[in-house]
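Worksheet: one structure, shown below.
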Amino acid sequence: MKKIYITRKILDAGIKMLTDKGYEVDINPKDRPLTHKELVKALSKKPYDAVLTLLTDQVDAQVFDACPTAKIFANYAIGTNNIDVNEAKKRGVYVTNTPGGGADRVAEHAWALILALTCRVVESDEYMRRGKFNGWNPMIFHGMKLAGKMLGIIGTGRIGADVAHRAVNGFGMKLVYYDVKRNEELEKSFGAVFCPAVDEVLKNADVVSIHVPLLPTTQHLINAERLAMMKKSAYLINTSRGQVVDENALVSALKNGVIAGAGLDVFEFEPKLAKGLAKLSNVVMTPHIASGTLEARLEMATLSTTNIIQVMEGGVPQNNVV
Ligand code: GLV
């Protein structure tokens, strides 16, 4: 009987796909991510054939060593930066992701952050709840109109392109973008203008939205020097990975009026926040929920278990990233 380990409870539909196949499924009973030590210990208990991991699990050589029988680590996430993919490759272990699971939803969430900031939704909601509204006032909560403004997209994969589509067709914005290679489709469909350097996007955009994977080359892609290149009136949105932005530098930029505001779903030191971030009124934060609809979670659950089943049945998983 195939043995599968799941590092944290996911929706039953995914688990059922595995038990319907007659596999033995063990799930971390704790309602929190396992520590690295706990993960190693859990995987050492049985000769597991497959492991379903979450983006909060750090999968490195020690974890692979703890589970030499596993043929696949199926990551329940779009990103795979939490897994040492080179180490998996060396060992002939598959690593898969859930690319369809929630990509369009992440784009919608990026828009929720853009609108929350430029319409000042969170600050004014708090104002209302505190009973401060004493009648219509032309002098309060001036936001920023989006039509005709420039959106800068950094990373134009599936999510970045979805954000672009909504910018042009939904809000009448213009587009500049940076990617490691030109995206002619984006240029053709949305009139996006390619910037061969990320700095050009930062200098020209009124809103900058980040959609790159976390790689050694994208870690702190947005640092103090680059924040200083942005317009003082501009907003930075990050729904990719926290480590792409130097969060301490961002706090200081937000405090000192280097940029107007930031919308963040991901954080460099998750679940901790950089010192001072939570005190700033020009930042809107959500707890890494950009892909968090029930539909997306269902798709992620069934996609990750489909990849496991494909490997257990002797095939190649459809979302292999190794
Ligand atoms: C979420 O951040 C994901 O990678 O799916």
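The values are calculated or read from the model by the stated rules, or taken from the named source; none is laboratory data. All values derive from a computational prediction rather than experimental measurement. Note that each Cβ is placed from the backbone with ideal geometry, even for glycine, and that neighbours are counted across all protein chains shown. Only protein heavy atoms, including side chains, enter the accessible area calculation; ligands, DNA and RNA are left aside. Shrake-Rupley method; radii C 1.70, N 1.55, O 1.52, S 1.80 Å.
Count Lys and Arg as plus one, Asp and Glu as minus one, and take only other residues whose Cβ is under 13 Å from that of GLU123; the net charge is then +2. Between the amide H of ILE27 and those of ILE6, distances stay under 5 Å, these residues lying 5 or more places away or on another chain, with hydrogens modeled in the peptide plane.
Distances between placed amide hydrogens fall under 5 Å for LYS149 paired with LYS174, all partners being 5 or more residues away or on another chain.
Each Lys and Arg adds +1 at its Cβ and each Asp and Glu adds -1 at its Cβ; summed about the Cα centre, the chain shows a dipole of about 540 debye.
Scanning the chain for long hydrophobic helices, with DSSP H runs required to stretch 20 angstrom or more by C-alpha along their axis and to average at least -0.5 on the Kyte-Doolittle scale, returns 103-118, 294-312. Counting only Cβ charges, +1 for Lys and Arg and -1 for Asp and Glu, the dipole size of segment 138-228 around its Cα centre is about 200 debye. Multiplying each eigenvalue of the alpha-carbon gyration tensor of segment 54-118 by 5 and taking the square root yields semi-axes of 32, 11, 8 Å, largest first, rounded to whole angstroms.
For segment 103-285, compute Rh as the Kirkwood radius over C-alpha pairs and then the Stokes-Einstein diffusion coefficient at 20 °C and 1.002 mPa s; write the answer in µm²/s, rounded to an integer. Taking Rh from Cα pairs, D becomes 129 µm²/s. Can you tell which of ALA278, GLY160, PHE194 lies farthest toward the positive end of the dipole of segment 103-285, using +1 and -1 charges on the Cβ of basic and acidic side chains (Lys, Arg; Asp, Glu)? Among ALA278, GLY160, PHE194, the one farthest towards the positive end of the dipole of segment 103-285 is ALA278. With contacts taken as Cα pairs under 8 Å and at least 6 residues apart, segment 204-312 reaches a relative contact order of 23 percent. Bridges between two residues of segment 103-285, per DSSP, are antiparallel at a rate of about 5%. Summing +1 for each Lys or Arg and -1 for each Asp or Glu among the other residues whose beta-carbon sits under 12 angstrom from that of VAL59 gives -4. The HN-Hα couplings worked out from phi for segment 266-277 by the Karplus form 6.51 cos²θ - 1.76 cosθ + 1.60 (θ = phi - 60°) are 10, 9, 4, 10, 2, x, 7, 10, 4, 4, x, 4 Hz, whole numbers, x standing for Gly and Pro. The residues of segment 227-322 present an accessible area of 42 Å² per residue when probed at 1.4 Å with all protein chains retained. Under 14 Å of direct C-alpha separation, and excluding same-chain neighbours fewer than eight residues apart, LYS89 reaches these aspartates and glutamates: ASP60, ASP65.
From the square roots a ≥ b ≥ c of the eigenvalues of the alpha-carbon gyration tensor of segment 1-114, which class results: rounded (a/c under 1.5), prolate (a/b over b/c), or oblate? Verdict is prolate for segment 1-114. Among the chymotrypsin sites (Phe, Trp or Tyr not before Pro) in segment 65-109, none is located in a DSSP loop while being surrounded by at most 11 other Cβ atoms within 10 Å of its own Cβ.
The residue list ASN75, MET150, GLY263 was ranked by how far each Cα lies along the charge dipole of the chain toward its positive end, using unit charges on Cβ atoms, and GLY263 comes out on top. Under 18 Å of direct C-alpha separation, and excluding same-chain neighbours fewer than eight residues apart, LYS37 reaches these lysines: LYS45, LYS46. Loop-resident trypsin sites (Lys or Arg not before Pro) (DSSP state other than H, G, I, E or B) in segment 125-168 with no more than 15 further Cβ atoms inside 10 Å of their Cβ: ARG130, LYS132, LYS145.
Here segment 103-285 is assigned +1 on the Cβ of each Lys and Arg and -1 on the Cβ of each Asp and Glu. Its dipole about the Cα centre then comes out at about 520 debye. By DSSP, the beta bridges lying fully in the chain are antiparallel in about 5 percent of cases. Put simply, the amide H of VAL193, placed in the peptide plane, has neighbours under 5 Å in LEU175, VAL176, TYR177, leaving out anything fewer than 5 places away on its chain.
Classify the chain from the C-alpha gyration tensor, please: rounded if a/c falls under 1.5, else prolate or oblate depending on whether a/b exceeds b/c. Prolate, since a/c reaches 1.5 and a/b exceeds b/c.
By the helix-only formula, in which each DSSP H run with n ≥ 4 contributes -39500 (n - 2.57) and the sum is divided by residues, the chain has a 222 nm mean residue ellipticity of -10500 deg cm²/dmol.
The trypsin sites (Lys or Arg not before Pro) of segment 239-317 meeting both criteria, a DSSP state outside H, G, I, E and B (loop) and at most 12 other C-beta atoms within 10 angstrom of the site's C-beta, are LYS275.
Placing one equal scatterer on every Cα of segment 208-307 and applying the Debye formula, the log10 ratio I(q)/I(0) at q = 0.11, 0.22, 0.23 Å⁻¹ is -0.36, -1.12, -1.20.
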